[in-house]
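Any read-out appearing in this document is the output of simple, stated calculations on the displayed coordinates, not a laboratory observation. Quick caveat: nothing in here was measured; it's all calculated off a predicted structure. No Cβ is skipped: glycine too gets one built from the backbone with ideal geometry, and neighbour counts run over all protein chains shown.
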Amino acid sequence: MEAEPHVKKIHGSGGTATQELIEEIFSRELDNEYLAEMEDATAVPGNGRLALTTDSFVVTPLLFPGGDIGRLSVAGTVNDLLCRGSVPKYLTAGFILEEGVPFSVLKTVVSSMAACAREAGVLIVAGDTKVVEGKGGMYINTAGVGFLPEGRELGAKRLRAGDVFLISGNLGDHHAAILSQRLSVENEIKSDAAPLTEMVSRLFDEGIDVRCMRDITRGGLSTILSELAAASKRTILLREADLPVSEAVRSFAGLLGLDPLTMGNEGKAVFFVPEEQGEKALAVIRSSAYGKDAVLAGSVGEEDEGRAYLLTGIGGMRRLSPLQGEGLPRIC
């Protein structure tokens with residue numbers, strides 16, 4: 001049986017094999033007027049303040065229920081730009097391919113990136129490819145550029161006593177999906193990897209005064225709230241009774257002794273807004289793509305301790321802490 005066509009070291013040589021790889025896979029899926037110039041750098045329109053971010057994605061397996069490393073790389077980069085309050089516009093993508101990557105897998109990943117970019121309203125305007133020895137792995141490095149509207153400022157220092165916060169959906173989905181694949185556990189759990197462009201845009205369009213937002217990725221909600229409490233020098237109170245966790249993830253986490261509060265997502269965010277806008281913000285998020293399971297989950301307290309707490313179902317209070325050690329498996 002003939003072996004499936006795959007990436008070879010010659011594809012990273014910079015010669016005709018590299019050009020064929022670019023033309024047959026990358027250019028075909030990611031084509032736009034800027035990328036088509038094929039210059040060493042791309043000139044794009046824009047003015048005003050810029051938000052810049054960069055990220056690297058090393059997740060295994062490359063393909064998983066609900067997504068793949070390509071969708072993950074675009075969604076993760078876009079969401080970082082959104083959480084700064086910017087309007088994402090441009091991305092770059094650098095691929096490090098190990099010898100042996102099947103072309104079919106590479107095509108799936110690049111096609112997924114293109115689809116996610118279209119959904120998020122961004123263009124991938126520059127890229128690079130390198131091929132190294134290995135066992136068929138793939139790594140993607142991205143950079144992202146967004147434009148900050150005049151007067152828009154978000155950050156932990158804007159938190160005020162009485163503010164409420166919302167979680168845009170169920171916790172731990174991506175973490176559980178990746179770990180299930182790594183352990184060969186069969187279940188219905190899917191990654192939540194998704195760009196939150198529509199959700200965030202609608203919040204601002206509806207006049208919601210978003211004080212601060214963070215995407216809930218590595219380290220989970222516990223880490224995010226602990227960091228925000230420390231940065232703002234405020235007390236943050238999370239209600240255990242309102243935590244959104246699917247039964248499938250709750251059962252899976254319980255079986256392995258995991259805490260959904262420290263499990264990561266790739267398509268969820270936490271939003272802090274004034275108390276009087278909480279219900280309106282909840283309605284906006286729930287009516288947006290990827291927000292149907294959103295909840296109002298807690299508030300900013302009067303005390304200035306710089307700590308986050310979980311208000312337990314039995315009336316107790318437990319201090320939340322950042323994730324200690326490595327949150328296995330690597331989820332992005």
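Using 0.36 nm per residue of separation minus the Cα-Cα distance, give me the extension gain between residue 279 and residue 9 in nm, one decimal. My answer for the length gained is 91.7 nm. With viscosity 1.002 mPa s and temperature 20 °C, the Kirkwood radius over alpha carbon pairs of the range 41-92 converts through Stokes-Einstein to a diffusion coefficient of 170 µm²/s. In a reduced charge model with +1 at each Lys and Arg Cβ and -1 at each Asp and Glu Cβ, the range 156-319 shows a dipole moment near 380 debye about its Cα centre. Among 117, 269, 283, the largest mean-square fluctuation in a Gaussian network model of the chain (Cα springs under 10 Å) belongs to 283.
With contacts taken as Cα pairs under 8 Å at a separation of at least 6 residues, the range 173-332 carries a relative contact order of 37 percent.
Taking the square roots of 5 times each eigenvalue of the Cα gyration tensor of the range 9-148, largest first, gives ellipsoid semi-axes of 25, 18, 12 Å.
In percent, rounded to a whole number, the relative contact order of the chain is 22, using alpha-carbon pairs under 8 Å and six or more apart.
Taken about its Cα centre, the range 9-148 carries a charge dipole of roughly 460 debye when the Cβ of each Lys and Arg holds +1 and the Cβ of each Asp and Glu holds -1.
A protection proxy built from the mean count of other Cβ atoms within 10 Å ranks the segments 123-129, 153-159, 256-262, 79-85, most packed first, as 79-85, 123-129, 256-262, 153-159.
With the convex hull constructed from alpha-carbon coordinates only, the range 156-319 shows a mean projected area of 9.2 nm² over all directions. Residues whose amide H falls under 5 Å from that of residue 134, counting only those 5 or more places apart or on a different chain, are 99, with hydrogens built in the peptide plane. Taking amide H atoms as placed 1.01 Å from N in the peptide plane, the amide H of residue 323 lies under 5 Å from those of 223, each 5 or more residues away in sequence or on another chain. Comparing 18, 223, 235 in a Gaussian network model of the chain where C-alpha atoms under 10 Å apart are linked, the largest mean-square fluctuation is found at 18. GNM on the chain, alpha-carbon springs under 10 angstrom: the most fluctuating residue among 207, 70, 151 is 151. The ranking of 73, 321, 288 by Cβ neighbour count inside 10 Å, starting from the fewest, reads 321, 288, 73. Projecting label points 7 angstrom from Cα along Cα→Cβ for residue 54 and residue 128 puts them 0.9 nm apart. With neighbour counts taken as other beta-carbon atoms within 10 Å, the residues 263, 199 rank, fewest first, as 199, 263. In the structure displayed, which of 107/268; 130/292; 8/292; 107/280; 190/280 lie more than 32 Å apart, Cα to Cα? Cα-Cα > 32 Å for 130/292; 8/292; 107/280; rest within.
Residues 174, 6 in ascending order of nearby Cβ atoms (within 10 Å, fewest first): 6, 174. Only one residue of 224, 169, 271 has its Cα farthest out toward the positive end of the dipole of the range 156-319, where Lys and Arg carry +1 and Asp and Glu -1 on Cβ, and that residue is 224. What the pair-distance distribution of the chain shows, using all Cα-Cα distances binned every 20 Å from zero, is 31, 54, 14, 0 percent. Ranking 66, 129, 45 by how far each Cα lies toward the positive end of the dipole of the range 9-148 (charges on Cβ) leaves 66 at the top.
Both radii are taken from the alpha-carbon atoms of the range 91-232; with Rh as the Kirkwood radius, Rg/Rh is 1.01.
Rounded to the nearest 20 debye, the dipole magnitude of the chain is 800 debye, with +1 charges on Lys and Arg beta carbons, -1 on Asp and Glu beta carbons, and the Cα centre as origin.
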